[in-house]
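Notes to accompany the following structure.
Bear in mind these aren't lab numbers, they're just calculated from the coordinates by the rules spelled out. All values reported here derive from a predicted model rather than from experimental measurement. Don't worry about glycine lacking a Cβ; one is built from the backbone with ideal geometry, like all the others, and counts go over all protein chains shown.
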Amino acid sequence: MKKINVNTTTNNYNIIINNSFDLLQEHLIELGLSNKKICIITDDNVSELYLEEVYSIISKISDKVSYIIIPHGEVNKNLDTINNIYNKLLDNKFDRDSVLVALGGGVTGDMVGFACATYMRGIKFIQIPTTLLSQVDSSIGGKTGVDYKGYKNVIGAFYQPMLVYINTMTLQTLPKREFNAGMGEVIKHGLIADKNYFDFINTNINKINTLDNEVIQNLIAKSCIIKSEVVSQDEKEKGIRAILNFGHTVGHAVEKLLDFKLLHGECVAVGMIAAAYLSHITMQINIDELEEIKQCIKGFDLPTKIDKLDYVTIFNDLFYDKKTINDTLNFIILDGIGNCEIRSDLHKQDILSAIKYIL
Ligand SMILES: NC(=O)c1ccc[n+]([C@@H]2O[C@H](COP(=O)([O-])OP(=O)(O)OC[C@H]3O[C@@H](n4cnc5c(N)ncnc54)[C@H](O)[C@@H]3O)[C@@H](O)[C@H]2O)c1
Ligand SMILES: [Zn+2]
């Protein structure tokens with residue numbers, strides 16, 4: 001078991017990483033949730049796998065436990081699903097003292113978090129993330145929300161949970177492609193913040209791919225620490241939090257231009273290679289380091305190149321990214337593995353070369 005304390009301006013909470021749900025009950029009791037009205041919200045995939053167990057554990061501390069099953073997938077991350085949740089909460093007289101539990105991936109977590117942030121101006125919120133991406137990324141940092149009119153996450157709020165409980169065994173049922181996509185964000189954490197962590201990932205590729213419990217717990221813990229440290233310094237994304245967008249400038253463009261046919265983490269992988277190449281031509285990493293980064297990404301079957309797109313289209317799309325401020329392109333590039341910097345002075349030619357490198 002590992003416990004990580006996250007301190008934010010609005011809340012102070014723990015992330016528990018364990019290889020079962022066994023410690024969930026005691027943590028809920030510790031938070032004073034005995035006998036509260038609690039609703040578990042999960043999607044129709046995760047409900048088949050984990051709802052029964054989580055429901056039975058929570059029922060031991062309260063006889064007012066209910067659940068809502070929402071349809072899975074990004075297409076359902078919208079205000080219709082949120083309305084559904086609001087309706088059920090109202091029908092069941094949920095009040096400000098009630099608790100919602102998000103059981104599932106980032107789609108469920110982001111929506112339940114948003115419902116909690118807005119219902120009665122804020123009710124208690126617990127995250128039980130079940131995808132690698134949600135365990136190392138989306139459940140940390142307090143960003144919640146839904147997609148609207150084709151724009152991702154444009155309606156939302158910053159809202160922190162009371163607890164994040166991670167059962168690493170849930171990764172056993174996660175499709176491998178989803179797991180690998182989560183590894184895109186994990187590799188990013190090593191690259192931007194910690195060379196030793198990147199080396200740890202690189203030397204443990206096999207153990208990570210076979211879900212070795214000790215290695216996986218260490219990995220999730222380290223990623224949670226890196227993400228929460230960055231976020232704690234900049235909760236509302238005014239400065240340093242931007243480094244978490246390493247690989248995302250090109251990644252987002254590719255994701256959108258390929259009509260979301262690739263998973264987010266897969267696009268981030270390609271985007272990180274473009275950003276690493278850019279770091280190489282600006283002489284901030286050497287060719288061996290660039291190769292090492294590529295090998296690590298390949299170790300998780302993530303793409304290092306894409307086809308079907310041309311470099312001008314990708315370049316033009318970079319300026320539509322919501323992180324572009326006053327038409328200045330902010331690029332996060334590496335300054336050695338484990339360090340990065342935000343740059344707005346890169347030459348167009350270098351950016352174009354970096355895009356060509358992934359085609
Ligand atoms: N809030 C943030 O800071 C933040 C950060 C990154 C991403 N996100 C958001 O996260 C979302 C993506 O999250 P995701 O990748 O977890 O996707 P997801 O929630 O759609 O889960 C992926 C798929 O796996 C299934 N699933 C979940 N857990 C499973 C398990 N243990 N076994 C088998 N199947 C399982 C789900 O039903 C779904 O079909 C996006 O909407 C993105 O915008 C948010
Ligand atoms: Zn991402």
Requested in this report: Normalise the Debye intensity by I(0) for segment 229-359, one equal point scatterer per Cα, no solvent, then take log10 at q = 0.11, 0.13, 0.16 Å⁻¹ and round to two decimals.
Outcome: -0.35, -0.50, -0.77
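Using DSSP to call loops (not H, G, I, E or B), can you name the trypsin sites (Lys or Arg not before Pro) in segment 252-359 whose Cβ has at most 13 other Cβ atoms within 10 angstrom? Intermediate results must be reported in sequence, preceding the final value.
Details: sites: Lys256, Lys261, Lys294, Lys298, Lys305, Lys308, Lys322, Lys323, Arg343, Lys348, Lys356; in loops: Lys261, Lys305, Lys308, Lys322, Lys323.
Within segment 252-359, the qualifying trypsin sites (Lys or Arg not before Pro) (loop, at most 13 other Cβ atoms within 10 Å) are Lys261, Lys305, Lys308, Lys322.
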Report task. With label points built 7 Å along Cα→Cβ from the Cα atoms of Asn87 and Asn206, find their separation and express it in nm. Result -> 5.4
Report task. Specify the inter-centroid distance of segment 129-182 and segment 207-235, based on alpha-carbon positions, in whole Å. Result -> 13
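Relative contact order of the chain, please, whole-number percent, based on alpha carbon pairs below 8 angstrom and at least 6 residues apart. Intermediate values should be presented prior to the final figure.
Values: 647 pairs, mean separation 53.3, N = 359.
Relative contact order for the chain comes out at 15 percent.
Please state the charge dipole magnitude for the chain, taken about the Cα centre, from unit charges on C-beta atoms (+1 on K and R, -1 on D and E), reported in debye and rounded to the nearest 20. The partial results should precede the final answer.
Numbers: 36 positive and 44 negative charges, 141 e Å.
Dipole magnitude for the chain comes out near 680 debye.
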Requested in this report: Could you pull out every residue, at least 5 positions away or on a different chain, whose amide H is within less than 5 Å of the one on Ala157? Hs are placed 1.01 Å off N in the peptide plane, and Pro or chain starts have none.
Outcome: Thr144, Gly145
Report task. Normalising by the residue count of segment 2-173, find the relative contact order in percent from Cα pairs under 8 Å and 6+ residues apart. Result -> 25
Query raised in the report: Using mean Cβ contacts within 10 Å as the protection proxy, how do 4-15, 225-236 order, highest first?
Result: 225-236, 4-15
Query raised in the report: Per residue of the chain, what 222 nm ellipticity follows from adding -39500 (n - 2.57) for every DSSP H run with n ≥ 4, rounded to the nearest 500?
Result: -13000 deg cm²/dmol
Query raised in the report: When only DSSP loop residues count, what chymotrypsin sites (Phe, Trp or Tyr not before Pro) in segment 192-263 have their Cβ near at most 14 other Cβ atoms within 10 Å?
Result: Phe260
Query raised in the report: Got the relative contact order for segment 176-357 handy, in percent, Cα pairs under 8 Å and 6 or more residues apart?
Result: 29
Query - Using θ = phi - 60° and Karplus 6.51 cos²θ - 1.76 cosθ + 1.60, couplings along segment 188-197 (whole Hz; Gly, Pro as x) - result: 4, 4, x, 4, 7, 10, 7, 4, 4, 5
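What translational D, rounded to a whole number of µm²/s, comes out for the chain from Stokes-Einstein when the hydrodynamic radius is the Kirkwood one over Cα pairs, at 20 °C and 1.002 mPa s? Could you put the intermediate results ahead of the total?
Working: Rh = 20.8 Å.
Rounded to a whole number, D works out at 103 µm²/s.
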Report task. Please turn the phi angles of segment 145-161 into ³J(HN,Hα) values with the Karplus equation 6.51 cos²θ - 1.76 cosθ + 1.60 (θ = phi - 60°), one per residue in order, whole Hz, x for glycine and proline. Result -> x, 9, 7, 8, 6, x, 9, 6, 6, 7, 10, x, 8, 8, 8, 9, x
Query raised in the report: What residues have an amide H closer than 5 Å to that of Gly247, excluding those fewer than 5 places away on the same chain, when H is modeled at 1.01 Å from N in the peptide plane?
Result: Ile332
Report task. Post the alpha-carbon centroid distance, segment 328-359 to segment 79-98, in whole angstrom. Result -> 44
Query raised in the report: Quick one: of the DSSP bridges fully inside the chain, what percent are antiparallel, nearest 5?
Result: 40
Query raised in the report: Based on DSSP, what percent of beta bridges with both residues in segment 2-173 are antiparallel, to the nearest 5?
Result: 30
Report task. Compute the separation of the alpha-carbon centres of segment 256-297 and segment 1-28 and state it in Å as a whole number. Result -> 33
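Rounded to two decimal places and with Rh computed the Kirkwood way over Cα pairs, what is Rg over Rh for segment 69-189? Don't skip to the end; give the middle numbers.
Values: Rg = 14.1 Å, Rh = 14.6 Å.
Rg/Rh: 0.97.
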**Report entry** Packing rank of 270-277, 78-85, where each peptide gets the mean count of other beta carbons within 10 Å, highest leading
**Finding:** 270-277, 78-85
Requested in this report: Mind listing the long-range amide H neighbours of Lys124? Cut-off is under 5 Å, sequence gap 5 or more, other chains count too, H placed in the peptide plane at 1.01 Å from N.
Outcome: Ser98, Leu100
Query raised in the report: Considering every pair of different Cα atoms, what Kirkwood radius, in Å, is found for segment 224-300?
Result: 13.6
